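Notes follow the structure.
The values are calculated or read from the model by the stated rules, or taken from the named source; none is laboratory data. Only a predicted model underlies this, so the values are computations on that prediction, with no experimental measurement involved. Every residue, glycine as well, gets a Cβ built from its backbone with ideal geometry; the counts of neighbours run over all protein chains shown. Surface areas here come from the heavy atoms of the whole protein model, side chains and all, with no ligands, DNA or RNA. Shrake-Rupley method; radii C 1.70, N 1.55, O 1.52, S 1.80 Å.
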Amino acid sequence: MNTEYEAINSSTRGYQGVSFPDAEFEEYLRGPVKNKLNDQETNKDLLDILDVIKSDTGFKSDILLADIQSLVGSRASFRTWEIGEAFAEEVLSNEFQCRFYWNARRDSRNPNENRAGADLVGFIESQNEVYFLFGEVKTSSEDRKPPTVMKSMESQLKQLAESQKVRLNLIKYLCSKKESLSDGSSFKTDFNRAIRSYYKDEKMQLMGVLVRDTEVDKKDISGSYNFLDKLVKDSYGIRLVAMYVSVPEQKWSTIMN
């Protein structure tokens, strides 16, 4: 990952544009992005169970065999915005000290449904403090700078900044995970630190990510940041990140497979 431009006001406020060489981006697509979208971890767990059932003497089922074949041969066929979201989350985890403890796709009974509330729900560590992280991800190939999707991002981040009810629903959502996560201790530590920061010091982190397969241009996010910087309460963090790749979005699914 290479930094192309940035305007950092503090550890929790600012914007930056980063780019990825083709090889690095393709490695993301074939590895963690595909694994997240296909939920390979759950696939493996279910396959182990089905293989045991299959090995039972005399057990035959066309449905069983078909489901095993489906899990083994699953191909990544996803919409561009889904790939962009998964890529953004992986980069935030690897490069920006963000932590997402579970695959959010598991929360939807229908994998094609849009998740309500926020695209990004997790934690971020900054200067030895942990805050709730709430954010949005947009993916765009539009030549316009800024792309049209930034208006939607501004509106959604504005709502997160202004609506206590929306934030409370997201905190309740995080709280509901405390007992179900296998890595419960680390999650609980982050949750307890973040909730104290939120209610004691009114601190949290809002983040917007724009994934682009176009030329680098700070106008993609600089105007939106200036708008939100004036709007968002001083104690809240607001950061925008543009992630640039040169591989056209039409090729992303093909590369994943």
Q: Hey, can you tell me all the residues within region 164-214 that are farther than 22 Å from Ser126 by Cα, modelled with pLDDT of 95 or more and part of a loop (DSSP other than H, G, I, E, B)?
A: Asp213, Thr214
Q) What number of residues in region 185-223 are in contact (Cβ under 8 Å) with a residue 40 or more places away in the chain, of a type in the set (Gly, Ala, Ser) and surrounded by fewer than 21 Cβ atoms within 10 Å (Cβ to Cβ)? A) 4
Q: May I ask you to verify whether Glu26 is closer than 30 Å to Leu210 by Cα, open to solvent by 30 Å² or more (accessible area, probe 1.4 Å), modelled with pLDDT of 65 or more and in a helix (DSSP H, G or I)?
A: yes
Q) Based on what the data block shows, is Glu125 of a type in the set (D, E, K, R) and part of a strand (DSSP E or B)? A) yes
Q: Could you please find all residues in region 225-235 being more than 20 Å from the chain's Cα centre (by Cα) and open to solvent by less than 30 Å² (accessible area, probe 1.4 Å)?
A: Leu228, Val232
